Structures are given as structure tokens and as C-alpha cells.
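See below for the structure under consideration.
Just so you know, all these numbers are worked out from the coordinates, no wet-lab data involved. Bear in mind that the values here come from a model prediction, so they are computed numbers and not experimental data. Glycine gets a Cβ as well: all are built from the backbone with ideal geometry, and neighbour counts include every protein chain shown.
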Amino acid sequence: MLLAGEIGKPHGLGGEVYVVRISDDPRRFEPGARLVHADGRELVVESSRAHRDRLLVKFRGSDDRSAAEGLRGALLVPAEGARTLEEGEYWPHELTGCIVVLGDGAVVGNVGSIEPSPAHDLLRVETRAGDRLVPIVKEIVKEVDVEGRRIIIDPPEGLLD
């Protein structure tokens with residue numbers, strides 16, 4: 001299963017909820033789209049609309065604020081339903097756990113998670129000095145070897161301090 005979004009608090013009294021979209025598939029939250037809640041329930045999108053940097057989504061059967069309150073949590077989709085990735089694109093689960101190294105082979109740490117952000121996603125790298133956020137941009141991330149579980153970076157001065 002792949003993470004498609006995160007359901008937050010209800011909006012209004014009619015059963016809508018805020019959703020932070022993680023999936024970049026534009027059809028993922030169209031009416032009729034089927035998603036799986038983290039607890040295993042299937043949810044069907046009844047309607048969705050943009051609201052600031054999130055979506056407002058109404059799922060079938062969620063007709064009031066009380067029902068919407070019970071929807072908080074992760075939204076998943078089966079991996080086989082995911083779109084085909086282009087060259088240089090990766091699923092977050094493919095990068096999580098990879099070792100991060102500098103060009104000279106010095107180990108920086110391991111990818112703990114991928115953090116979405118408005119400009120670009122970030123690698124949350126677990127280092128001995130604590131977690132560091134590394135922008136996933138071609139100027140910094142020089143090579144990704146998913147099969148070898150290795151990511152080579154060339155960070156600007158101060159990024160890992």
C-alpha cells in the first residue's frame with residue numbers, strides 16, 4: 001500500500017474533512033475514487049475541492065461532523081493502482097531506509113522518512129547528530145540507487161550541521 005494522503009479535522013457540519021494530499025495523481029481524489037483508510041475501511045470520494053493548500057473531501061456515508069471526526073488518519077492506495085513513475089521519480093517507501101553518503105563515500109546516515117513540502121520533498125536523514133532534512137533536488141541528490149539502497153548527496157555547506 002502507498003500513502004495517498006492524511007485526513008485531518010472535519011470542516012463544517014456536512015461531513016467534509018481536510019485532506020493533505022500526498023499523491024500527485026490528479027485523479028486520486030475525484031468523485032468515485034476508492035481509497036483505503038489506515039484501519040482497513042474502504043472510503044469512496046463523493047466530492048472534493050481545493051481549499052488553500054489542502055483539499056476538502058466528502059466521503060460517501062460521512063454526512064455530518066460526527067461521522068467526519070471518525071475519519072482522521074492515513075489514506076492508502078494499493079501499489080498496483082499507482083501511476084507509472086518517470087525517470088528520476090521514486091516512491092517514498094523505496095527511499096526509506098537507504099544509506100545516505102557523500103561523494104567520497106563518507107556515511108551521513110539513513111533515510112528515516114520522506115517529508116512532503118510545498119517546494120520539493122525532503123529526505124529526513126537520521127544522523128549521529130540528530131535528524132537532518134535534505135532537499136530532494138538534483139543540485140544536492142546526485143545519485144539514487146534503489147536496488148543498492150544507497151543515495152549519494154553533495155550538500156551545500158552548513159546543511160548537515
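Legend: calculated FRET efficiency, residue 25 to residue 1, from the Cβ-Cβ distance at R0 = 25 Å, rounded to 0.05, equals 0.95. Here each label is just a point 7 Å from Cα along the line to Cβ, and for residue 90 and residue 159 those points are 1.3 nm apart. Highest-first packing order for the peptide set 7-18, 28-39 is 7-18, 28-39, based on the mean count of other beta carbon atoms within 10 Å.
Express in nm, to one decimal, how much length is gained between residue 79 and residue 53 on full extension, taking 0.36 nm for each residue of separation and deducting their alpha carbon distance. Show your work: numbers first, answer last.
Working: separation 26, 0.36 × 26 = 9.36 nm, distance 2.53 nm.
Fully extending the segment from residue 79 to residue 53 adds 6.8 nm.
Length available on full extension from residue 13 to residue 138: 0.36 nm per residue minus the Cα-Cα distance, which gives 40.6 nm.
Placing +1 on the Cβ of every Lys and Arg and -1 on the Cβ of every Asp and Glu, with nothing else charged, gives the chain a dipole about its Cα centre of roughly 660 debye.
One chain, two ends: residue 42 and residue 113. Fully extended at 0.36 nm per residue, the span grows by 23.0 nm beyond their Cα-Cα distance. Approximating the spin labels as points 7 Å out from Cα along Cα→Cβ, the residue 129-to-residue 146 distance works out to 3.1 nm. Around the amide H of residue 108, modelled in the peptide plane, lie the amide H atoms of 100, 101, 102, all under 5 Å away and 5 or more residues distant in sequence or on another chain.
Which value, in debye to the nearest 20, describes the size of the charge dipole of the stretch 41-135 about its Cα centre when Lys and Arg Cβ atoms bear +1, Asp and Glu Cβ atoms bear -1, and nothing else is charged? List each step's numbers first, then the result.
Numbers: 12 positive and 16 negative charges, 94 e Å.
So the magnitude is around 440 debye.
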